[in-house]
1. Among the candidates L137, L59, L115, L82, which residue alone is surrounded by 10 or more Cβ atoms within 10 Å (Cβ to Cβ) and within 28 Å of R251 (Cβ to Cβ)?
2. If you scan the stretch 203-232, which residues turn out to be open to solvent by less than 10 Å² (accessible area, probe 1.4 Å) and either free of Cβ contacts under 8 Å to residues at least 24 places away in the same chain or more than 10 Å from the ligand (Cβ to nearest atom) (or both)?
3. Please enumerate the residues belonging to the stretch 381-391 that are within 14 Å of the ligand (Cβ to nearest atom) and open to solvent by 20 Å² or more (accessible area, probe 1.4 Å).
4. Mind telling me which of the residues G302, G307, G313 ends up being closer than 22 Å to L253 by Cα, crowded, with 21+ Cβ neighbours inside 10 Å and within 29 Å of the chain's Cα centre (by Cα)?
5. Of everything in the stretch 327-380, what is within 14 Å of the ligand (Cβ to nearest atom), open to solvent by 50 Å² or more (accessible area, probe 1.4 Å), without any contact (Cβ under 8 Å) to a residue 40 or more places away in the chain and not in a helix (DSSP H, G or I)? Give them in sequence order.
6. Given the options R251, R258, name the one that is at pLDDT below 85, more than 16 Å from the ligand (Cβ to nearest atom) and more than 21 Å from G93 (Cα to Cα).
7. Are any residues in the stretch 306-326 in a loop (DSSP other than H, G, I, E, B) and closer than 18 Å to F266 by Cβ, and if so, which ones?
8. For a quick check of your reading: which helices (runs of 4 or more DSSP H) sit entirely within the stretch 166-234 and have at least 2 residues that are touching a Pro at 6+ places or on another chain (Cβ under 6 Å)?
Amino acid sequence: MSETPDIVPPCTGDTNSADAPGEKKPHAKENELAALRKTNIALESRNFELREQVRQLRLQNAAAESQRDQYKREIKKLRDELNDYRSPPLVLGTIEAVIDEGHAVVHSTTGPQFLSRVSEHLDPKDVTPGALCAMHLQSFSIVEILPPKYDCQVCAMEVTETPDVTYDDVGGLEEQKKLLRESVELPLTSPQLFEKVGVVPPKGVLMFGPPGTGKTLLAKAVAHHTKASFIHVVGSELVQKYIGEGARMVRELFQMAREHAPAIIFIDEIDAIGGARGNDSYSPGDHEVSRTLMQLLAELDGFDNRGDVKVVGATNRPDILDRALLRPGRFDRIIEFPLPDEEGRRTILAIHTRKMNLRKTVSLAEIAKETEGMNGSELMAVCVEAGMNAIRSRRTTITQDDFDKALAAVKTGRSGVVVQAPDAMYS
Ligand code: ATP
């Protein structure tokens, strides 16, 4: 069958032809109709195709959505598994060496060393020697890298951004306040003064004296007045069981202080690491303590006297300290904190009774006379105990009798007798 080609009659431009203008010849109309039909058929077929495509896409979309839901369920399951895997108890350790992307040597805090697998979920950049990590209890794989110790306060350092203790909260100790202010406060607040005069301010100050005589309190007050961070660490916490741990903690302590500068590092019980090193053969423990002390000396030597980090040490046993610690350029100011005298005791009592509702008959001077040999913290205990006596008697004002009883109780406590709470307190 031969197809009739769509022949459009050529336009002659003859407007005087037999057909009226705008009226088409019948066979031209048919042609046009046929062409329209053809277009219609083509469009319908295209429409059908597109609908089919839409149907296919919808089906694909539904399949994709169902797969996505399945993946979501799987991810949730895997996350739960991972959380189970990471959930405590985990073993802590320190990465000693990174073998390759998937393995590292870890010194666990329980003692032994492990060649551990590194979880794929960890960023290899975080897996570095010296990093603190958590390992799964059974497989000993590294499942988490913990933030540096100085951030998470694992190592018993306590950081207070400007403590709220002021000089007015410290009773007596006038000479000690003066000495501490000129050796710690002044270099932090007016370093240019030392530059002009041409002297080097002390790097560290050592406070010594019996317990509870206000050493920590006064160091906090200095930090408050210099708007410095107060980093409190206890010397015995720096004595660690494993080789190099104590030295590392000292390094981190100073690093943290530099980050929080201006800062005062307060090392309580410094004798725990600063005890004199004997000449006799050491035990491995002694070696570790002396390594920690050497790191402390290195840190003290390494920072600038005019810098904004000051170190304050405190001890009840200055007699056992290593001479190396006390040489000029290290703890070169030594301040004694004696037990308070009568006037000192009266001021301490006045500070601790500031907010207490005392009867007019209470004589702090009298109490100060009777508290010979007591330190600041015992005087505070007397005030608290007197307040408790008033509460036990259902009173809101404190009498001299409450103080007398409190004094007796605190003195009894000193001699080692445990004071029982009276039943009335809880009835
Ligand atoms: P330790 O050697 O045992 O660490 P310390 O000398 O550092 O003792 P602090 O911690 O300063 O003693 O004092 C303990 C508490 O005793 C303080 O919180 C404070 O309430 C009270 N205290 C001690 N001395 C004074 C003082 N001079 N003025 C006011 N309160 C004091």
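1. L115
2. Those that are open to solvent by less than 10 Å² (accessible area, probe 1.4 Å) and either free of Cβ contacts under 8 Å to residues at least 24 places away in the same chain or more than 10 Å from the ligand (Cβ to nearest atom) (or both): G204, V205, L206, V222, A223, A228, S229, F230, I231.
3. Correct list: A381, V384, E385.
4. Details: G302 fails: crowded, with 21+ Cβ neighbours inside 10 Å; G307 fails: crowded, with 21+ Cβ neighbours inside 10 Å.
Going through G302, G307, G313 in turn, just one is closer than 22 Å to L253 by Cα, crowded, with 21+ Cβ neighbours inside 10 Å and within 29 Å of the chain's Cα centre (by Cα): G313.
5. Matches in the stretch 327-380: R354, K355.
6. R258
7. The answer is G307, D308, N316, R317.
8. Numbers: elements: 174-180, 186-189, 191-197, 215-225.
Those helices (runs of 4 or more DSSP H) span 186-189, 215-225.
The values are calculated or read from the model by the stated rules, or taken from the named source; none is laboratory data. Quick caveat: nothing in here was measured; it's all calculated off a predicted structure. Cβ atoms come from the backbone with ideal geometry, glycine included; neighbour counts cover every protein chain shown. All accessible areas refer to the heavy atoms of the entire protein, side chains included, with ligands and DNA or RNA removed. Shrake-Rupley method; radii C 1.70, N 1.55, O 1.52, S 1.80 Å.
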